[in-house]
Amino acid sequence: DVAWNLDSSLHSFDEGDDVGNLNSPDEGKDERKENVKEVYREINSFIGSLGGNGSGEAIYGEMTIGSFQKVVDYMKKYLAFSKESKFLDIGSGVGKPTLHVSQDPGVSLSMGIELKEERCYLSQHVLRNLLVDKDDRDLYLNGLAKCWFVQGDVTAEESLSPFTHVYSFDIGWKDEEY
């Protein structure tokens, strides 16, 4: 297994926006739904309503909360995506998918790797604010402590181990498929 070098280390939505099927049969679905919304609120407070604010781009492939929830739901239904999963987001940008899956399904490890330094710093800043400044939410115990963001080129890695599920923009797959 290759050791990942952890030391190298939007779209706006309204309260009424569709957030997909956060309703899995297990307990805590309402809490997960609120935690996911809180994550997106924090991200939007730093990157603005169009998902830019990094490297001079106005829009940089950012997905909405509802669109990404559909990817999560698909992975849960067809790819055994669960709390035991280890998630890697290649091209993580400002961190929406990485932070999202920390809450639903609440993966055991969620890591984003981003080529652009500015976007990686933004994702680290958002994560730090969620961990430090949100004492009214229990997001830390609900997955944020298992999130990492690193700046780098995934093609330089020899393996995607230990990750069980990999995501890149709008495609998610399980380890047997890569």
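The values are calculated or read from the model by the stated rules, or taken from the named source; none is laboratory data. As the structure is a prediction and not an experimental result, all values here were calculated from the model. So basically every Cβ, Gly included, is an ideal-geometry build from the backbone, and we count neighbours across all protein chains shown. Protein only, heavy atoms only, side chains kept; ligands, DNA and RNA dropped before computing areas. Shrake-Rupley method; radii C 1.70, N 1.55, O 1.52, S 1.80 Å.
Data table
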read-out: Condition met for ASP170 (surrounded by fewer than 24 Cβ atoms within 10 Å (Cβ to Cβ), modelled with pLDDT of 90 or more and of a type in the set (D, E, K, R)); value: no
read-out: Positions within the range 94-112 being under 10 Å from PHE149 (Cβ atoms) and either out of contact with any Gly (no Cβ under 7 Å at 6 or more places or on another chain) or among the polar types (S, T, N, Q) (or both), in sequence order; value: THR98, LEU99, SER110, MET111
read-out: First in the range 113-125 and at negative phi, second anywhere and of a type in the set (Ser, Thr, Tyr) and open to solvent by less than 30 Å² (accessible area, probe 1.4 Å), Cβ under 8 Å, 6 or more apart; value: ILE113/SER92; GLU114/SER92; GLU114/SER123; ARG119/SER92; CYS120/SER92; SER123/SER92; SER123/THR98
read-out: Among (1) open to solvent by less than 70 Å² (accessible area, probe 1.4 Å); (2) at pLDDT 90 or above; (3) farther than 15 Å from GLU42 by Cα; (4) not aromatic (Phe, Trp, Tyr) - the single one GLY95 does not satisfy; value: (3)
read-out: Restricting the range 115-155 to residues that are outside any helix (DSSP H, G or I) and acidic (Asp, Glu), the residue that is modelled with the lowest pLDDT; value: ASP136
read-out: Condition check for GLY52: at pLDDT below 85 and open to solvent by less than 50 Å² (accessible area, probe 1.4 Å); value: yes
read-out: Residue match in the range 6-23 (condition: loosely packed, with under 14 Cβ neighbours inside 10 Å and modelled with pLDDT of 95 or more); value: no
read-out: Contacts under 8 angstrom Cβ, first residue in the range 34-51 being among the acidic types (Asp, Glu), partner open to solvent by less than 30 Å² (accessible area, probe 1.4 Å) and at pLDDT 75 or above, 6 or more apart; value: GLU38/LEU130; GLU42/VAL126; GLU42/ASN129; GLU42/LEU130
read-out: Hits in the range 106-115 (condition: surrounded by fewer than 23 Cβ atoms within 10 Å (Cβ to Cβ) and either within 16 Å of LYS70 (Cβ to Cβ) or out of contact with any Leu (no Cβ under 9 Å at 6 or more places or on another chain) (or both)); value: GLY106, SER108, LEU115
